[in-house]
Amino acid sequence: MKTLPSVLVVEDEAAIAELIVINLKHNGFRPIWAMDGIAAQREIETAVPDLILLDWMLPGETGLVLARRWRAQPRTKDIPLIMLTARGDEVDRVSGLDAGADDYIVKPFSTKELLARIRAVFRRRTPELPEQTLSIGELYLDPETYRVSYQNQTLKLGPTEFKLLHYLMRHAERVHSRGRLLDQVWGDHVYIEERTVDVHIKRLRESLAQAGAMIETVRGVGYRITAMPAAMALSAERAA
């Protein structure tokens, strides 16, 4: 028999908690209710939940404090976490996400939205199958060993640049807008400006050295990685 995914609901308002619990039960989840951080910690020590719905304003320690603590502990650091709060200002959303929340839902919210957000977080957190080494020309990326090389020379990339290159190489020759790269590399729940992509593309090109020419800017659209960039093609044509 398939085990239902467990959701720990940390919410001190009984009416809201009851509404959430009922809807989770009716949609294929196994809800567990805790009224504060102490009760929630007790539940986690008994059995690690598959996801946590965490209210910001709680008696005792706030949801923000709990989120930071759970993200710092080996037992709880990988549990998907959605923060629930009446605080909808941008600075509050950023604080929640910086504390380790995977998503942030502002009260009042519809149960349909809540369920959709839960499913989306589960999709993002579902482990992918091991991938084979990707290659474009003489550029190689091994997602299992976290190594990148060009012409047999190992290249050093930062974590964001590695993720960006990984995505571009998985979808080589396609043009990707800044917005799409933000969603696919940073996540559609992250609130950052599109110009951030330009900064990391610049860093990626610098890290790739000669291979950096393979990442082309398509004016007015976005970026792509190609085995034969315009500069290389022109050089080959002249040599011929």
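The values are calculated or read from the model by the stated rules, or taken from the named source; none is laboratory data. Quick caveat, the model's predicted, so the values are computed rather than measured. Note that we place each Cβ from the backbone using ideal geometry, even for glycine, and neighbour counts take in every protein chain shown.
Remarks
- If you check 56, 33 for being aromatic (Phe, Trp, Tyr) and either farther than 17 Å from residue 81 by Cβ or buried (at least 20 other Cβ atoms within 10 Å of the Cβ) (or both), only one passes: 56.
- Among the residues making up the stretch 59-75, those that are surrounded by fewer than 21 Cβ atoms within 10 Å (Cβ to Cβ) and either at negative phi or within 17 Å of the chain's Cα centre (by Cα) (or both) are 59, 61, 62, 65, 68, 69, 71, 72, 73, 74, 75.
- Wholly enclosed helices (runs of 4 or more DSSP H) of the stretch 1-106 bearing at least 2 residues closer than 25 Å to residue 193 by Cα: 63-72, 90-98
- Taken as a whole, the structure leaves residue 207 outside the set of residues that are at pLDDT 90 or above, surrounded by fewer than 17 Cβ atoms within 10 Å (Cβ to Cβ) and over 16 Å from the mean Cα position of the chain (by Cα).
- Which listed residue is in the same structural domain as residue 121 (by TED's automatic domain parsing) and touching a helix residue (DSSP H, G or I) at 6+ places or on another chain (Cβ under 6 Å), from 83, 57: 83
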